[in-house]
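The values are calculated or read from the model by the stated rules, or taken from the named source; none is laboratory data. Because the structure is predicted, anything quoted here is derived from the model rather than measured. Counting neighbours? That spans all protein chains shown, and the Cβs are built from the backbone with ideal geometry, glycine included.
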Amino acid sequence: MNILNRKIIHVDVDAFYASVEQIDNPKLKGKPVIVGGISSRGVVSTCSYEARKYGVHSAMPIFQAKKLCPEGIYISGRHDRYDEMSKKIFALLHEITDDIEIVSIDEAYLDVTYLYHTAEYIGKYIKNKIKKETGLTVSVGISYNKFLAKLASEWDKPDGFFVIKKEDIPEILKPLPIIKIHGIGKKTVEKLNKIGIYSIEDLLLYDLDTMVNLMGTMGEEIYERIRGVDNREIKTHSERKSIGTEMTFTEDIDDFEEIIKRAEIYLHEVVELLIKKKMLAKTVMIKIKFDDFTQVSRSKSLEVYTDDEKYFGLLLNDLLHHMVLKSKVRLLGVTLSGLINNHEKQLMLFDLIGEDNGK
Ligand SMILES: [Mg+2]
């Protein structure tokens, strides 16, 4: 199969939490609805398109949203209900194919390459089906790879439907601002802006070596993306890539000992989950968000896979002691990644023994 002939669909629910609230309570229809942490320290999870007109957007601190949109309806959210709706949506998608990669609670990729119908037909079917069964509108993007399918679903949100064909490349990509490229963060954008790179068209002038010099290991991937190349498969197994936890503190913390203590508690929770899932991990990542909303994350890996908390604890302490706490800490997260199933390790060992015997 030529990868340019793949049929990939990206489905993304529009303003998911806020839309569920509007469906369950018709009085909220047409109103600015903001779902998020209702305390003064909370952030917006989702807001309705009516609220977006005021400049409110997700991840914005609630106090800021309230300044922009004082007449908004603020709701703390009902996560059980959102989970229920999410399961319903994915069940509907699973009816179409099991070649699905669930990316988040309201977002998935489908590989419909081997299905009889055209991707356009299936895309429209999905939109109608979800609307009919749940009342929610979704945006659908279609292309021959994941990067472009996601770009297409963002193209005319909400209630979007957009197809990116091979012949549309590079014209469709050229004018896009570089922030649209998956994998490029704000910092890289700033760095590239400084040297006069604003759009994908600007970035297309640089060769692979220069891209790697500019952006490190991501450079190669981004070099491909901006040329419309993305060979990533749809990951159908709902296998976890990482297990983690993060929380915003009720009060900012600047006591280093206290931060270590909290980090160790989080690590403990995460290792418990790792053991429960019968998995082993290799890498510890720590994420810290400061009271000015800047954040840092650092990770460190072991040579071996393990589920032994004390090894992760050593890495965690090492990571924390090398971090500069420039101001009070607002949020802390601990994540384990590089996961394998416990039995996979046994299989690996078994293979080694097998090889030795053979020699
Ligand atoms: Mg969404």
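Being over 16 Å from residue 45 (Cα atoms) and among the basic types (Lys, Arg) is the filter; apply it to region 66-102 and report the residue that is surrounded by the most Cβ atoms within 10 Å (Cβ to Cβ).
88
Any residue at all in region 133-140 that's in contact (Cβ under 8 Å) with a residue 24 or more places away in the chain, surrounded by fewer than 16 Cβ atoms within 10 Å (Cβ to Cβ) and on the phi > 0 side of the Ramachandran plot?
yes
State yes or no: is residue 31 assigned to a helix (DSSP H, G or I) and more than 12 Å from the ligand (Cβ to nearest atom)?
no
Just checking, does region 255-267 include any residue being farther than 27 Å from residue 324 by Cβ and either assigned by TED's automatic domain parsing to the domain that holds residue 320 or without any contact (Cβ under 8 Å) to a residue 12 or more places away in the chain (or both)?
Checked against the condition, which is being farther than 27 Å from residue 324 by Cβ and either assigned by TED's automatic domain parsing to the domain that holds residue 320 or without any contact (Cβ under 8 Å) to a residue 12 or more places away in the chain (or both), region 255-267 yields no hits at all.
Can you tell me which condition residue 330 does not meet? The list is (1) in contact (Cβ under 8 Å) with a residue 60 or more places away in the chain; (2) surrounded by 13 or more Cβ atoms within 10 Å (Cβ to Cβ); (3) over 26 Å from the mean Cα position of the chain (by Cα), and all the others hold.
Against the list (1) in contact (Cβ under 8 Å) with a residue 60 or more places away in the chain; (2) surrounded by 13 or more Cβ atoms within 10 Å (Cβ to Cβ); (3) over 26 Å from the mean Cα position of the chain (by Cα), residue 330 comes up short only on (3).
Among 331, 274, 320, which is the only one that is modelled with pLDDT of 90 or more and under 30 Å from residue 253 (Cβ atoms)?
320
Which ones in region 181-194 are surrounded by 16 or more Cβ atoms within 10 Å (Cβ to Cβ) and either without any contact (Cβ under 8 Å) to a residue 40 or more places away in the chain or not in a loop (DSSP other than H, G, I, E, B) (or both)?
184, 188, 189, 192
Picking from 282, 310, which residue would you name as being among the charged types (D, E, K, R), under 22 Å from the mean Cα position of the chain (by Cα), at pLDDT 90 or above and farther than 23 Å from residue 254 by Cβ?
Answer to the check: 282.
Pick from 202, 209: which is outside the structural domain of residue 9 (by TED's automatic domain parsing) and surrounded by fewer than 13 Cβ atoms within 10 Å (Cβ to Cβ)?
209
Between a first residue in region 279-303 that is farther than 17 Å from residue 186 by Cβ and a second residue that is buried (at least 17 other Cβ atoms within 10 Å of the Cβ) and among the acidic types (Asp, Glu), which pairs have beta carbons less than 8 Å apart while being 6 or more apart in sequence or on different chains?
Pairs found: 279/307; 280/307; 281/307.
Looking at region 34-50, can you tell me whether even one residue there is farther than 25 Å from residue 90 by Cα, touching a helix residue (DSSP H, G or I) at 6+ places or on another chain (Cβ under 9 Å) and either within 15 Å of the ligand (Cβ to nearest atom) or hydroxyl-bearing (Ser, Thr, Tyr) (or both)?
Yes, region 34-50 contains at least one residue that is farther than 25 Å from residue 90 by Cα, touching a helix residue (DSSP H, G or I) at 6+ places or on another chain (Cβ under 9 Å) and either within 15 Å of the ligand (Cβ to nearest atom) or hydroxyl-bearing (Ser, Thr, Tyr) (or both).
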